[in-house]
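Please treat every number below as a calculation from the coordinates, not as lab data. Everything numeric here is computed off the predicted structure, so don't read it as measured data. Positions of Cβ are generated from backbone atoms using ideal geometry, with glycine treated the same way; all protein chains shown enter the neighbour counts.
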Amino acid sequence: MPALPPLTLYTRAGCHLCEQAEAHLQALEYRYQPVDVDGDPALCARHGDDVPVLALLQPEGGDRVLLKGVLSKGRLSALKLQLLREAAARD
């Protein structure tokens, strides 16, 4: 079975949706790196109030936004299946 790629979770302190997203990501055994957008002016300008944002780093550079807003277990489960299918297709 292919492995899930590591993802980036753009977040900010005090964001209840971000905290909820992290709890769901952990429960679904995602590999992810949280990044506080307020620590980087460019990220803050890019994402504004649209956190949480879940993104996949692209091999050619940049990232692909996968989901943003409410990251429910249902949305994350569907995304997990999609990412596993994509990984299997590459192998």
- Item | Selection from the range 9-25 of residues that are crowded, with 18+ Cβ neighbours inside 10 Å and of a type in the set (S, T, N, Q) | 11
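Take the range 35-56 and flag every residue that is charged (D, E, K, R) and in contact (Cβ under 8 Å) with a residue 24 or more places away in the chain.
36, 38
Out of 57, 76, report the one residue that is within 13 Å of the chain's Cα centre (by Cα) and within 15 Å of residue 22 (Cα to Cα). Please lay out each step first, then the result.
Numbers: 57 fails: within 15 Å of residue 22 (Cα to Cα).
It is 76.
One line per residue, one yes/no per condition, for (1) farther than 22 Å from residue 91 by Cβ; (2) touching a helix residue (DSSP H, G or I) at 6+ places or on another chain (Cβ under 7 Å):
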| site | (1), (2) |
| --- | --- |
| 4 | no, yes |
| 21 | yes, no |
| 34 | yes, yes |
| 38 | yes, yes |
| 44 | yes, yes |
| 49 | yes, no |
| 80 | no, no |
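Touching a residue at least 24 places away in the same chain (Cβ under 8 Å), under 18 Å from residue 73 (Cα atoms) and surrounded by 19 or more Cβ atoms within 10 Å (Cβ to Cβ): is that true of residue 28 in this structure? Spell out the reasoning first.
Values: touching a residue at least 24 places away in the same chain (Cβ under 8 Å): yes; under 18 Å from residue 73 (Cα atoms): yes; surrounded by 19 or more Cβ atoms within 10 Å (Cβ to Cβ): no.
In short, no.
Just to check your reading of the model, which residue among 81, 54 is surrounded by fewer than 17 Cβ atoms within 10 Å (Cβ to Cβ) and of a type in the set (A, V, I, L, M, F, W, C)? So that I can check it myself, show each step before the final result.
Values: 54 fails: surrounded by fewer than 17 Cβ atoms within 10 Å (Cβ to Cβ).
Selected residue: 81, the only one of 81, 54 that is surrounded by fewer than 17 Cβ atoms within 10 Å (Cβ to Cβ) and of a type in the set (A, V, I, L, M, F, W, C).
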- Regarding residue 79, is this residue assigned to a strand (DSSP E or B) and either without any contact (Cβ under 8 Å) to a residue 60 or more places away in the chain or on the phi > 0 side of the Ramachandran plot (or both)? no
- Item | Inter-residue pairs, beta-carbon under 7 Å, first without any contact (Cβ under 8 Å) to a residue 24 or more places away in the chain and surrounded by 13 or more Cβ atoms within 10 Å (Cβ to Cβ) and in the range 57-75, second in a helix (DSSP H, G or I) and of a type outside the set (Phe, Trp, Tyr), 6+ apart | 67/75; 67/79
